[in-house]
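*Asks:* Sharing a structure here in structure tokens format.
Please treat every number below as a calculation from the coordinates, not as lab data. Given the structure is predicted, the values throughout are model-derived calculations rather than measurements. Here the Cβ is made from the backbone with ideal geometry for all residues, glycine too, and neighbour counts use every protein chain on show.
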Amino acid sequence: MDYRNRYPAYLQYLSSAIDSFLVLGGISVLLLIFTNAVLRGAAGFDLAWSLEVTAFLLLWLTFLGCAAATARGAHMRVTEVVSHLFSIRGKWFLTFCIDCLVIIVLSSLIFFGHTIATHTWAQKTTVLYWPVGLLYLSLPAGMLVSLIFHLYNMKLDFLDKPPNDSSTSFSSSGEIK
């Protein structure tokens with residue numbers, strides 16, 4: 001279920017900004033890798049800085065891509081067993097427990113990612129002399145945005161549709177309708 005059309009304006013703007021970064025970053029990675037491969041094959045040298053930029057972009061794209069998937073409700077779920085074994089109230093409770101577990105995991109990733117980024121900030125990359133902590137900052141930044149989207153998605157799922165509501169039902173994929 002894509003939650004973005006139900007977001008307030010500031011979350012829609014954040015989601016759109018992340019989507020734009022993902023597109024531009026993905027194109028940049030492709031161009032850098034292609035250019036570097038052509039230069040290495042045709043001219044016998046490569047652009048050393050492009051490897052560092054590509055590594056930075058790939059990490060930031062990965063963790064912000066997690067946030068984009070969270071905004072879309074697109075993370076993979078296996079729901080066949082749950083949909084056949086649990087009542088609507090049981091599914092609601094299980095979904096709530098899973099969402100709370102996701103909050104705990106995201107929070108721990110933010111905390112430990114921030115710790116790693118802080119401890120490595122003084123180190124510099126070999127070619128561009130960028131702080132290594134900037135590379136590791138992608139983890140807590142992406143998980144923080146994912147947490148924001150997840151909390152809002154959870155609000156939409158649970159506060160808008162309580163389990164006692166007779167109109168609440170689960171689709172075959174386990175989503176609340």
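*Asks:* Can you find even one residue in the range 32-46 that is touching a Lys or Arg at 6+ places or on another chain (Cβ under 9 Å) and over 30 Å from Tyr3 (Cα atoms)?
*Replies:* Filtering the range 32-46 for residues touching a Lys or Arg at 6+ places or on another chain (Cβ under 9 Å) gives 46.
Next, from what is left, pick out any that are over 30 Å from Tyr3 (Cα atoms): 46.
So far as the range 32-46 goes, yes, one or more of its residues are touching a Lys or Arg at 6+ places or on another chain (Cβ under 9 Å) and over 30 Å from Tyr3 (Cα atoms).
*Asks:* Can you pull out the residues in the range 34-81 that are among the polar types (S, T, N, Q) and in contact with a Gly (Cβ under 9 Å, 6 or more places away or on another chain)? Step through it out loud before you land on a result.
*Replies:* We begin by selecting, within the range 34-81, every residue among the polar types (S, T, N, Q); these are 35-36, 50, 54, 62, 70, 79.
Within the range 34-81, Thr62, Thr79 qualify.
*Asks:* Right, another one. Out of the residues in the range 139-152 meeting the condition of being crowded, with 20+ Cβ neighbours inside 10 Å, closer than 13 Å to Leu11 by Cβ and not hydrophobic (A, V, I, L, M, F, W, C), tell me which one is farthest from the chain's Cα centre (by Cα).
*Replies:* Checking each candidate, the answer is His150.
*Asks:* Determine, yes or no, whether Val53 is more than 19 Å from the chain's Cα centre (by Cα), within 26 Å of Val145 (Cβ to Cβ) and β-branched (Val, Ile, Thr).
*Replies:* On the way: more than 19 Å from the chain's Cα centre (by Cα): yes; within 26 Å of Val145 (Cβ to Cβ): yes; β-branched (Val, Ile, Thr): yes.
Taking the combined requirement at face value, the residue satisfies it.
*Asks:* Scan the range 1-31 residue by residue and report those that are among the aliphatic types (A, V, I, L, M) and closer than 20 Å to Thr62 by Cα.
*Replies:* Step one: filter the range 1-31 for residues among the aliphatic types (A, V, I, L, M), giving 1, 9, 11, 14, 17-18, 22-24, 27, 29-31.
The answer is Leu11, Leu14, Ala17, Ile18, Leu22, Val23, Leu24, Ile27, Val29, Leu30, Leu31.
*Asks:* Out of all the residues in the range 70-84, which are out of contact with any helix residue (DSSP H, G or I) (no Cβ under 7 Å at 6 or more places or on another chain) and among the charged types (D, E, K, R)? I'd like the intermediate steps shown before the answer.
*Replies:* Step one: filter the range 70-84 for residues out of contact with any helix residue (DSSP H, G or I) (no Cβ under 7 Å at 6 or more places or on another chain), giving 74, 76-81, 83-84.
Scanning the range 70-84 gives Arg77, Glu80.
*Asks:* With the requirement that a residue be more than 30 Å from Trp130 (Cα to Cα), of a type outside the set (A, V, I, L, M, F, W, C) and either in a helix (DSSP H, G or I) or in contact (Cβ under 8 Å) with a residue 60 or more places away in the chain (or both), what does the range 54-94 give you? If you could, list the steps in order and put the result at the bottom.
*Replies:* Restricting attention to the range 54-94, the residues satisfying the condition of being more than 30 Å from Trp130 (Cα to Cα) are 71-94.
Subset that is of a type outside the set (A, V, I, L, M, F, W, C): 72-73, 75, 77, 79-80, 83-84, 87, 89-91.
Correct list: Arg72, Gly73, Arg77, Thr79, Glu80, Ser83, His84, Arg89, Gly90, Lys91.
*Asks:* Moving on to the next point. Output the residue which, of all residues in the range 95-138 that are part of a loop (DSSP other than H, G, I, E, B) and without any contact (Cβ under 8 Å) to a residue 24 or more places away in the chain, is surrounded by the most Cβ atoms within 10 Å (Cβ to Cβ).
*Replies:* Among those that are part of a loop (DSSP other than H, G, I, E, B) and without any contact (Cβ under 8 Å) to a residue 24 or more places away in the chain, it is Trp121.
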